[in-house]
1. Tell me whether the stretch 51-59 contains one or more residues that are in a helix (DSSP H, G or I), at pLDDT 90 or above and within 12 Å of residue 5 (Cα to Cα).
2. Taking into account only those residues within the stretch 51-87 that are closer than 17 Å to residue 14 by Cα and among the polar types (S, T, N, Q), which is surrounded by the fewest Cβ atoms within 10 Å (Cβ to Cβ)?
3. Keeping to the stretch 24-50, report how many residues are open to solvent by 70 Å² or more (accessible area, probe 1.4 Å) and assigned to a helix (DSSP H, G or I).
4. Within the stretch 1-52, which residues are of a type in the set (Gly, Ala, Ser) and under 21 Å from residue 78 (Cβ atoms)?
5. All but one of (1) touching a helix residue (DSSP H, G or I) at 6+ places or on another chain (Cβ under 8 Å); (2) open to solvent by 40 Å² or more (accessible area, probe 1.4 Å); (3) among the β-branched types (Val, Ile, Thr); (4) closer than 19 Å to residue 81 by Cβ hold for residue 9; state the number of the condition that does not hold.
Amino acid sequence: MTQDIRNIVSEILGDILGCPSDNIDDSFCYSKSDMIDSFSLINFLMEIESRFDITFTANDYSDESFQTVSGLVNKIVKLQLENDKTWWVKFTR
């Protein structure tokens, strides 16, 4: 499950950055990257929320670990487990 989520996050981020998702490292800090403008960052996070049927809180955005790919993936997994949603439905679309 975690690897599937990571692949989706990397795919979305790769589309924004214009690079293959394989080039995106788990420690990549997307929120502080000069490769992503603020509009793209908002769109990225909205796409993540939509794709996984989750909602981030203000506290999530201020959490340092949330700002990396691995931290974001961990947060998605946690929210999915808390919400007990069938996230794979959107994954298979």
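The values are calculated or read from the model by the stated rules, or taken from the named source; none is laboratory data. Keep in mind that this is a model prediction, so the values were computed, not measured. Cβ placement follows ideal geometry from the backbone for every residue including glycine, while neighbour counts extend to all protein chains displayed. Ligands, DNA and RNA are stripped out before the accessible areas are found, and what is left, the full protein with its side chains, is counted by its heavy atoms. Shrake-Rupley method; radii C 1.70, N 1.55, O 1.52, S 1.80 Å.
1. Quick first cut of the stretch 51-59, residues in a helix (DSSP H, G or I) only: 51-52, 58-59.
From what's left, at pLDDT 90 or above: 51-52, 58-59.
Those still in the list that are within 12 Å of residue 5 (Cα to Cα) too: 51-52.
Among the residues of the stretch 51-59, at least one is in a helix (DSSP H, G or I), at pLDDT 90 or above and within 12 Å of residue 5 (Cα to Cα), which makes the answer yes.
2. Among those that are closer than 17 Å to residue 14 by Cα and among the polar types (S, T, N, Q), it is 70.
3. 6
4. First pass over the stretch 1-52, keeping only residues of a type in the set (Gly, Ala, Ser): 10, 14, 18, 21, 27, 31, 33, 38, 40, 50.
If the condition is that a residue be of a type in the set (Gly, Ala, Ser) and under 21 Å from residue 78 (Cβ atoms), then 10, 27, 31, 50 are the ones that fit.
5. (2)
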